[in-house]
Amino acid sequence: MPTKPPPIKNAMILAAGLGTRLRPITDTMPKPLVRIAGKPMIDYVLDLLSAVGVETACVNVHHFADQMEAHLKQRSHPAIVFSDERSALMNSGGGLAKGLKLLEAGPVLVMNADLFWVGEYPAETSNLERLASFFDPDRMDMALLCVRNADTTGHNGKLDFALGADGRLTRYQEGMVNPVVYAGAIAMHSRLLASAPDDAFNLNIYFDRAIVEKRLFGILLEGHWLTVGTPDAIGEAEAAITRFGVRK
């Protein structure tokens, strides 16, 4: 019987974006602090990470960085480390590479600060636990949490990948079977970005490299996934939280 891997203790949360589509709300505050059903989006993410044993989370900050730091310093768990991008935004890949340098080398969970889910069954293994257990650094560069379009609220319908029977991901093209949306959560080893450039770049570069090398894998999310891109989407997200909530 295979040994269950230990919990992943470190995480990176990508939180430095401008949230331009959520204006005018984000004219005065960062998007991750926008409240959905009374709770800032980033706290949904941090609570998911804390529940699976993450002890330290690095959060990159730029837009209204002082507000982000003040809010997150109130949390006792997980411990928060800040990656300061006040001087220049680093995009998803550059921000991740910079933040990983502030964490111990090893496996890490990566999440977007404004993408989360509800409706998991408490008695079952959580999405992040399954993702961490699924990730095999010998076979994979990254393991992505993915979701069927039907299980989303606030998404624009764009399909990102096709999920193979063996768990491998390829870029979705019209007509492919088993299309999925990237749900904004990754399990990976920090060494993947050890030699990454120091300037801004998009993480999609590493997704595409991994696809070419057949080392990008994914699993399906259980529950309901939420994204809040516009002010109108807040009400839709809150209705979904009420509808799905925590399942017994």
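Quick look at the numbers
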item	result
Qualifying residue in the stretch 205-222 (condition: under 18 Å from Gly95 (Cβ atoms), surrounded by fewer than 18 Cβ atoms within 10 Å (Cβ to Cβ) and touching a Gly at 6+ places or on another chain (Cβ under 8 Å))	yes
The stretch 80-89, residues that are under 23 Å from Ala185 (Cβ atoms) and either charged (D, E, K, R) or at pLDDT below 95 (or both)	Glu85, Leu89
Contacts under 6 angstrom Cβ, first residue in the stretch 132-147 being at pLDDT 95 or above, partner of a type in the set (D, E, K, R), 6 or more apart	Met140/Arg215; Asp141/Arg215
Residues being among the hydrophobic types (A, V, I, L, M, F, W, C), under 27 Å from Met29 (Cα atoms) and either under 14 Å from the mean Cα position of the chain (by Cα) or surrounded by fewer than 17 Cβ atoms within 10 Å (Cβ to Cβ) (or both) - total across the stretch 98-117	8
Failed item in (1) surrounded by fewer than 17 Cβ atoms within 10 Å (Cβ to Cβ); (2) in a helix (DSSP H, G or I); (3) more than 19 Å from the chain's Cα centre (by Cα); (4) not aliphatic (A, V, I, L, M), with Asp47 passing the rest	(3)
Selection status of Val52, among the hydrophobic types (A, V, I, L, M, F, W, C) and at pLDDT 95 or above	no
All positions within the stretch 4-27 that are of a type in the set (S, T, N, Q) and either touching a residue at least 12 places away in the same chain (Cβ under 8 Å) or crowded, with 22+ Cβ neighbours inside 10 Å (or both)	Asn10, Thr26
Any pair with Cβ under 9 angstrom, 6 or more apart, that starts in the stretch 223-234 at a residue that is small (Gly, Ala, Ser) and ends at one that is surrounded by 20 or more Cβ atoms within 10 Å (Cβ to Cβ) and in a loop (DSSP other than H, G, I, E, B)	Gly223/Glu120; Gly229/Gly19; Gly229/Asp114
Residue within the stretch 165-180 that is within 17 Å of the chain's Cα centre (by Cα) and either under 28 Å from Leu33 (Cα atoms) or β-branched (Val, Ile, Thr) (or both) present	yes
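So that you can scan it fast, the table gives a plain yes or no per residue for (1) outside any helix (DSSP H, G or I); (2) basic (Lys, Arg):
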| residue | (1), (2) |
| --- | --- |
| Asn202 | yes, no |
| Ile205 | no, no |
| Ile211 | no, no |
| Ile219 | yes, no |
| Glu222 | yes, no |
| Trp225 | yes, no |
| Ala240 | no, no |
| Arg243 | no, yes |
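The values are calculated or read from the model by the stated rules, or taken from the named source; none is laboratory data. Since this is a predicted model, take the numbers as computed values, not measurements. All Cβ positions, even for glycine, are placed from backbone atoms using ideal geometry, and neighbour counts span all protein chains on display.
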